[in-house]
Every structure is written in structure tokens, then in C-alpha cells.
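One structure below.
Every number in this text was worked out from the coordinates using simple rules, so none of it is lab data. Since we're looking at a predicted model, the values are computed, not measured. All Cβ positions, even for glycine, are placed from backbone atoms using ideal geometry, and neighbour counts span all protein chains on display.
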Amino acid sequence: MSEPAFIADPSVAPYNVAYLVDDRSHLYHEYDVDRDRDHGPAAPDRNGDTGAVDSDRDAPVDYPARREAILAFYGHRCGRCGTKVARQSDEETSLGYVHSVAAEGEPEWALSNLVAVCEPCYDVLSTRCCEDLGTFGDTYREAPQFPTWTCDPRVAVERLPLTGREAWTRHVLSDRIEDAPSCRANHTVVRRACLARSTPAAEAVALGKALVRDERGALSTSNRRLRERWHTLTAHEREEWESRAVDPDTSLVTGGFEPALERHPV
Ligand SMILES: [Zn+2]
């Protein structure tokens, strides 16, 4: 597997195959999707306080066809974590959703703005405020902390650490990655999703690669994998890290995880 060009140079088109082949116009005809409905219903509901558009309620009537087209276009893989997705879930396959990465003013439901995602990643990407967390269960906890390198960079967000171990793992991994170029392809999602850290897309992917390398790479006998090393920390140390994780039941931002936009203005 060669190094994705996107990591080496953010000015090069992102590496995800689905994203590279960005002409999706043929899908409109193929799946009988009505281009006139790309903006969704005429008057979208807005959630008073947040001003956020509730995508689910605003879905156009041809949503099923759009979903089918996008799931197929992404090869029935989640655009963030790469897990298998389908129209119906079974033991090996997650229920496939589509998430819109449309920026302000762009057509929310245009096929070019939709990404296929699994249910846990959908929850991470679409949960806009803490009060919404848990509304549909706690599936978001199953979403991988980091995106996979084959992801669509527009949804390449790092999930906030939900446990002390995740906070610690992230800390150790950050020393193992090169200074990844700052790529803001994921800024729309980062801005909207309360569970997303402000990490640039390239850095989030690099962290994910470092974790995979740690879990699956070759080891010398003196080395331990991170998941084993975590257990060698003292109880006190582990408690300290626990306090740096996010507790969605009480307050999302605890232990020094600053609001995303202040750290990395977009
Ligand atoms: Zn996923």
C-alpha cells in the first residue's frame, strides 16, 4: 500500500477513490434521482437555538434512490471508517446512511455532497449538540476514534476520546506521526458535529494509521502494544487520563478539550 498523495501534499486531490471520481452526474439518470430536489423541500425546518438544519426531516421524497446511488458509489463501504454498509443490516454489515457535507448555501442533497456512512459514524457526524446525544442510543461509541486512510477526507474527523484509554492512546500516537499538513477538507463536519475534534483531516488519518501500525505491525520483544501498555499504567495515572476523556452524559468538554473552532479556526 503506497502512501496516499493526500497525506504528502494537501494540494493534491484527496485520495479516496470515490471522492477522486467526483463526477457523479451519471447517477441521477441511473438511479432515477431528480436533480430539482437537490435542495430538499422548499422551506427547511430550523432548530431554533442552533440554527442547524435537521437533515433527516428535510429529506426529499426521492431519498431512497439517493441513498441507494450513494451506497453503491462508495462501494458499500462507510466513507469514514470503511466498514461494510448496505440497505439492510445483518451480522457483518451495518445499516448504510448518507451524510451531507454541503457547506452553507450548497444544495444539501446533491449527490456530490452526500457520503455513505455506517450507523456509528453517522451518529458521530450528525450529532450537532450534546442534548441530541443518546437520542438514538449510544451507537456513536462504536465509531472508530480515527478515520481510515481510504476514507473520504470530507468526513475524516477524529472522534472525541470517550475513555481515559482513548485519551492516552491519542496522546502517545501524536508523538508517532509526522507533522501532517493541515488539510481542512473536513471543516464542514468539524464545525457541525459536537463529537468531532478539530483535528485536520490529514492528521486524523495519520493518527488512525499510527494506531493500525501499533495494533498490527511487527513488534520487537521489548515493545508492547499500546492496548497492553495501558494496563501497565498505575491506577492513579489511569484516573488522570479518565478525567481527560469526554463524558457525554454530563458535559462534552471536560479535562481540557477546548472547543474545536478555537483551536483550529476554519
Ligand atoms: Zn463508519
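Of note:
- Residues with amide H under 5 Å from that of residue 247, placed H, sequence gap 5 or more: 254
- Shape of segment 131-170, Cα gyration tensor, a/c cut at 1.5: oblate
- Between residue 191 and residue 138, the modelled label-to-label distance comes to 3.2 nm, taking each label 7 Å out from Cα in the direction of the beta carbon.
- Annotation: amide H of residue 77 within the under-5 Å range of 85, sequence separation 5 or more or interchain, hydrogens built in the peptide plane.
- Close amide-amide hydrogen proximity is noted between residue 199 and 158, each under 5 Å apart and 5 or more residues distant or on a separate chain (H modeled in the peptide plane; Pro and chain starts excluded).
- Mean separation of Cα pairs under 8 Å and 6 or more residues apart, divided by the residue count, gives segment 60-135 a relative contact order of 28 percent.
- Modelled spin-label separation between residue 213 and residue 23, with each label point placed 7 Å from Cα along the Cα-to-Cβ direction: 3.7 nm.
- Label point distance in nm, residue 175-residue 223, each placed 7 Å from Cα along Cα→Cβ: 1.4
- Packing order of peptides 94-107, 201-214, 233-246, highest average first: 201-214, 94-107, 233-246 (average count of other Cβ atoms within 10 Å over each peptide's residues).
- In order through segment 146-154: 3J(HN,Hα) via Karplus (6.51 cos²θ - 1.76 cosθ + 1.60), integer Hz, x for Gly, Pro: 10, x, 7, 5, 8, 6, 7, x, 5
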